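First up is the structure itself, then whatever we jot down about it.
Bear in mind that the values in this text are calculations on the coordinates, not laboratory data. Computed from a prediction, not measured in an experiment: that's the story for all the values here. Cβ sites come from the backbone with ideal geometry, for glycine too, and all protein chains shown count toward neighbours.
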Amino acid sequence: MIDFAYLSKGLNALARAHHMSSMAGHLGASLVAGYFVGEQRPNLDQTVYEGIEGDLDRVIDGESVFGRRMSKNSELADSELFAPFPRQKADPSLIDGIAEELLSNVGEARQSGHNVIFASLSIKALKEHPDLATPAVIDGIRKLIALFDNEHPGSGYYGSEKGRISGSKIILSETDGVPDYESIEGMALVVVNELLNQDAKVHQVGYGGLVHIVNHAAAIVDLKKYGYQELAGQAVRSHRQHFRLWKSLPNVADEMGPVKVSSFTPHKAAYWTSGDVPYDRALLTHRVKTMFGFEELCKAVDEDPKEEQAYDKLRYLM
């Protein structure tokens, strides 16, 4: 299992992230997701839990690219985001305010779905542990989600000639072949099928990659689970926009080489003991979120054989 302290520290960091930037939400979100991996899979090898906690400790210590390194004008150090707030009486009735804040920006893809991801993880944590739902924490998280009101969908790399382009400037074709999913079940099946079709020879860069396609979808699954069905329905439509933008990316394997594929999934002890655990600029905060997100996503897919095959394909994201 993962130490419960990571959950409360993660919520504190989500609540303070608005002092840095919308993307600083990555730090707290990784701790929340990491804690819940332990609840999802309580019987993993202890080495896996130690590996996850090692990732989370690195985030707290300031190794994430999304903290002060990105927000150089911030007066807070990364480690200060995780400090406890002054004691307050919890008020679970305020949790709905996070969903209300998300309503203002859920209609379109925002920063590769991070508005939905951060809001959904916060709601899950607070619904499951309402004693942590203090006014200070919820107010801070609302301020974080509000930062996405004017954010663009993210950006993608369209090859050496075109370079990186904001998704707000991409005109999507209605004949792009992306399934016209409108339900959570339809969305989940499309994403799982995309995982199944991963090929190291196809290298696309941008919009958060398939990591964020998975985590964005998982966040929507949880919004419905915790009672926000109408909000989840709106989020499905913005997820499809996100997915279509990602599918619009060219294969740049000739330029950047094939996708690097791990020998093991991170749920295996061998992943953490291989001596080859990657710590690139973004994976530190995304590894555990994707472990968590994949499990949540699969709850909406009633096809066990596909789940097992897609689970193995997580190696392409790690």
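Would you kindly calculate the translational diffusion coefficient of region 274-318, applying Stokes-Einstein with the Kirkwood radius from alpha carbon pairs, for 37 °C and a viscosity of 0.692 mPa s, and quote it in µm² s⁻¹ without decimals?
Translational D for this selection: 281 µm²/s.
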Next item on the list: For region 172-247, state which GluC sites (Glu not before Pro) are in a DSSP loop and have at most 15 other beta carbons lying within 10 Å of their beta carbon.
Entry: Glu174, Glu182
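Given the chain, what whole percent of its Cα pairs are spread farther than 36 Å?
Every Cα pair in the chain considered, those over 36 Å come to 12 percent.
Could you sort 187-193, 25-31, 165-171, 61-67 so that the peptide with the highest average Cβ count within 10 Å comes first and the rest follow in order? Present the calculation step by step, with values, prior to reporting the outcome.
On the way: 187-193: 22.0, 25-31: 30.4, 165-171: 13.4, 61-67: 18.9.
Order by mean packing, descending: 25-31, 187-193, 61-67, 165-171.
Go through Lys169/Lys306; Lys247/Lys313; Lys72/Lys268; Lys247/Lys268; Lys169/Lys224 and tell me which ones have a Cα-Cα distance over 26 Å in this structure.
Details: Lys169/Lys306 35 Å; Lys247/Lys313 18 Å; Lys72/Lys268 37 Å; Lys247/Lys268 30 Å; Lys169/Lys224 31 Å.
Cα-Cα > 26 Å for Lys169/Lys306; Lys72/Lys268; Lys247/Lys268; Lys169/Lys224; rest within.
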Item checked: Cα-based shape type of region 24-75, given that a ≥ b ≥ c are square roots of the gyration tensor eigenvalues and the cut on a/c is 1.5 -> prolate
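Enumerate by residue number the trypsin sites (Lys or Arg not before Pro) in region 29-78 meeting two conditions: DSSP loop (anything except H, G, I, E, B), and at most 14 other Cβ atoms within 10 Å of the site's Cβ.
Of the trypsin sites (Lys or Arg not before Pro), the ones in loops of region 29-78 whose Cβ has at most 14 other Cβ atoms within 10 Å are Arg69, Lys72.
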Checklist line | Cα gyration tensor shape for region 155-317, rounded if a/c is under 1.5, else prolate or oblate | finding: oblate
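Which of His216, His267, His239 has the fewest other C-beta atoms within 10 Å, and how do the rest follow up to the most? It would help to have the intermediate numbers written out before the result.
Working: His216 28, His267 19, His239 25.
In order of increasing Cβ crowding within 10 Å: His267, His239, His216.
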Check: If the viscosity is 1.002 mPa s and the temperature 20 °C, what translational diffusion coefficient in µm²/s does Stokes-Einstein give for region 5-150 when Rh comes from Kirkwood over Cα pairs?
Finding: 141
Item checked: Protection-proxy order for peptides 253-266, 10-23, 100-113, each taking the mean of Cβ atoms within 10 Å per residue, highest first -> 10-23, 100-113, 253-266
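Hey, what number do you get for the chain at 222 nm if only DSSP H runs of n ≥ 4 count, each worth -39500 (n - 2.57), divided across all residues, to the nearest 500? Before the final figure, lay out each step's value.
Numbers: 13 runs with 162 residues, N = 318.
Mean residue ellipticity at 222 nm (helix-derived): -16000 deg cm²/dmol.
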Margin query: Checking the cross-link filter: which aspartates and glutamates have an alpha carbon closer than 16 Å to that of Lys162, excluding same-chain neighbours under 8 positions apart?
Written below: Asp254, Glu255
